Amino acid sequence: MKGFATLYFNQKIFFLARLCFEMGLRLDPTNQNVTDFDKLEQNSVCCKGCDKYPLKGIRFRCKVCDNYDLCKECFERRTEVHNAHDEFLQIPDESTYFLGSDDSGASE
């Protein structure tokens, strides 16, 4: 998934890039039963603002710079950390990403 995500990201097809990054999170066994966005582990990602590795929680990937990610805390102070521009892709999107196991307990 990461290869597709990077391909779409580099082609500036951000919607598909986010879906691939999110699928990678979903397939990572570390995140199988996570029910809190702050506990999501983005295992191959380092925050460029504070060097947190692995990055936990939501990440913000710069749409302009090559391989530049910020954790939520650094993103909130991005004008101090990365003020060159303000174009970031949020991964995952809290409004559409479902946390927890795939079994929602719903009956068919």
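Considering each residue of segment 1-16, count those that are touching a helix residue (DSSP H, G or I) at 6+ places or on another chain (Cβ under 6 Å) and part of a loop (DSSP other than H, G, I, E, B), and give that number. Spell out the reasoning first.
First, the residues of segment 1-16 that are touching a helix residue (DSSP H, G or I) at 6+ places or on another chain (Cβ under 6 Å): 1-2, 4-5, 8-9, 16.
Restricting the remaining residues to those that are part of a loop (DSSP other than H, G, I, E, B) gives 1.
Qualifying residue count for the region: 1.
Testing Arg61 on (1) surrounded by fewer than 13 Cβ atoms within 10 Å (Cβ to Cβ); (2) part of a strand (DSSP E or B), one condition comes back false. Which one is that?
(1)
Report whether or not Pro92 is surrounded by fewer than 18 Cβ atoms within 10 Å (Cβ to Cβ) and touching a residue at least 12 places away in the same chain (Cβ under 8 Å). Please lay out each step first, then the result.
Numbers: surrounded by fewer than 18 Cβ atoms within 10 Å (Cβ to Cβ): no; touching a residue at least 12 places away in the same chain (Cβ under 8 Å): yes.
Here the answer is no, as Pro92 does not meet what is asked.
Restricting to segment 18-36, and then to whatever is in a helix (DSSP H, G or I) and in contact with a Leu (Cβ under 7 Å, 6 or more places away or on another chain), can you tell me which residue is farthest from Leu99 (Cα to Cα)?
Ranking the candidates gives Arg18 first.
Tell me, yes or no, whether segment 21-37 has at least one residue that is free of Cβ contacts under 8 Å to residues at least 12 places away in the same chain and among the small types (Gly, Ala, Ser).
Checked against the condition, which is being free of Cβ contacts under 8 Å to residues at least 12 places away in the same chain and among the small types (Gly, Ala, Ser), segment 21-37 yields no hits at all.
Could you tell me which residue of segment 19-45 is surrounded by the most Cβ atoms within 10 Å (Cβ to Cβ), considering only residues that are closer than 17 Å to Lys2 by Cβ, among the hydrophobic types (A, V, I, L, M, F, W, C) and within 11 Å of the chain's Cα centre (by Cα)?
Kept after step one, since they are closer than 17 Å to Lys2 by Cβ, are these residues of segment 19-45: 19-31, 40-45.
Right, trim to among the hydrophobic types (A, V, I, L, M, F, W, C) and you get 19-21, 23, 25, 27, 40, 45.
Within this subset, residues satisfying the condition of being within 11 Å of the chain's Cα centre (by Cα) are 19-21, 23, 25, 40, 45.
Values: Leu19: 20, Cys20: 19, Phe21: 25, Met23: 15, Leu25: 20, Leu40: 21, Val45: 20.
So, considering only residues that are closer than 17 Å to Lys2 by Cβ, among the hydrophobic types (A, V, I, L, M, F, W, C) and within 11 Å of the chain's Cα centre (by Cα), the one surrounded by the most Cβ atoms within 10 Å (Cβ to Cβ) is Phe21.
Looking only at residues in segment 64-108 that are of a type in the set (A, V, I, L, M) and not in a strand (DSSP E or B), which one is modelled with the lowest pLDDT?
This residue is Ala106.
I'm checking my understanding of the structure. Among residues of segment 64-84 that are more than 22 Å from Lys39 (Cβ to Cβ) and touching a Lys or Arg at 6+ places or on another chain (Cβ under 9 Å), which one is surrounded by the fewest Cβ atoms within 10 Å (Cβ to Cβ)?
In this case the residue turns out to be Asn67.
The values are calculated or read from the model by the stated rules, or taken from the named source; none is laboratory data. Not measured: the values here are computed from a predicted model. Cβ coordinates were reconstructed from backbone atoms using ideal geometry, including for glycine residues, and neighbour counts include every protein chain displayed.
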